[in-house]
Structure formats: C-alpha cells, structure tokens
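Asks: Can you keep this structure in mind? I'll have questions shortly.
Laboratory data are not the source of any read-out in this text; all were calculated from the coordinates shown. Predicted model, so just to flag it, every value in this text is computed and none were measured. Note that we place each Cβ from the backbone using ideal geometry, even for glycine, and neighbour counts take in every protein chain shown.
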Amino acid sequence: MANVTCKHCGHTRSPAEEETAPAWACPACGRKYYEQDTPRGLMYPSTWKSEWSRTTKEVKLTLIVSLIVAAGVLLYGVAPGQKAAVTNSRLDGSVAQVTAYLKQNLRDPESYRPDSWGKVSRDGDNYQVTHRYRAKNGFGGYVLEEKTFVLDASGNVLGVK
C-alpha cells in the first residue's frame, strides 16, 4: 500500500508507516482514502469489511433468536422448558391447558368456539375450572356445552365432569 497519496492533505504514505497507521486511513490527517474504481468510492481493507459483516450477522442472529423467544413467551406465557401454571389468562380468562385438551379431543376441533370461563379454583392437589363452549356434534350441528375440567398441578387434564 506504499506510495498512496491522500486526496485530502496530499501526504504520500511511506512503507515505514504501514505498521503505525491503519491501511485504510491517511497517517497524516487520519481521514479515509478514496478511490474512483471502488463501488462506493471507499477503500476498505478486507479484514475490516469481514469483521463488520461478522458483527452484523451476529447482531441479526441475536435479534432473531430474541424475537422467537419473546414470541414464545407471549403465546404460551412461559419460557421454553418451563411448565405453565394453571391460571386464567389475563386477556380472555381462558385456561391454556383446557383449550389444548379440547382441540385434541373434540370431534371437530376447528368448530370449537369458547363462550365463557369460570375462575380456576384449587381442590386439594388439583385445580378445577368450568368452561362453556360451542362445538359441532356428530350430526354437524353446533351444541352448547358447559363442563368442569379437573387438572393436576402440571396442567394435565385428569377428568371432565
């Protein structure tokens, strides 16, 4: 990179200045070199450009992972690997474990329409919640059901009354 002349101050770079100043800046004025044949007119050393790309990629990856974890917490209410507590949702009063149970066990899960939720109550070691919902029966008509679900401390549905 010797014999490069700075267009700002006119200083010509000597071979001795290679170790004291970065290859992309003038050792006299500290400004970046400009050349006409580079894409944007800036001359960057390949190491600086690769470090910038790597840092940008790391930031993007960290941001994406953070967004995925945040979306999981918003959707499920807990961080990955944790069991959800048996409680009513603050948004609509629903109980996530009962909703999941119904969508797995109804004749037509796509027809499930929640109507109302009771408060989760403790019954010894178990929890109970009453839920009224509409779903299609075997003949294809919508039926209004009101059932009490019994759940254990881990959120597993033990029975339906």
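Asks: State the extension gain, in nm to one decimal, for the chain segment bounded by Glu145 and Asp92, taking 0.36 nm per residue of separation less the distance between their alpha-carbons. Don't jump to the answer; show the numbers that get you there.
Replies: Numbers: separation 53, 0.36 × 53 = 19.08 nm, distance 1.84 nm.
Separation in residues times 0.36 nm, less the Cα-Cα distance, equals 17.2 nm.
Asks: Find, among the trypsin sites (Lys or Arg not before Pro) in the range 102-158, those assigned to loop by DSSP (not H, G, I, E, B) with at most 15 other beta-carbon atoms within 10 angstrom. Kindly include the intermediate steps, with their values, before the conclusion.
Replies: Details: sites: Lys103, Arg107, Lys119, Arg122, Arg132, Arg134, Lys136, Lys147; in loops: Arg107, Lys119.
Listed in order of number, the matching sites are Arg107, Lys119.
Asks: Once the Cβ-Cβ distance between Ser66 and Thr5 is put in as r, and R0 is 45 Å, what FRET efficiency do you end up with, to the nearest 0.05? Show your work: numbers first, answer last.
Replies: Numbers: r = 47 Å, r/R0 = 1.04.
Efficiency, rounded to the nearest 0.05: 0.45.
Asks: Under a Cβ-Cβ cut-off of 15 Å, what is the net charge of the residues other than Asn137 that fall near it, where Lys and Arg count +1 and Asp and Glu count -1?
Replies: Working: positive: Arg107, Arg113, Arg134, Lys136, Lys147; negative: Asp108, Glu110, Glu145, Glu146.
Here the count lands on +1.
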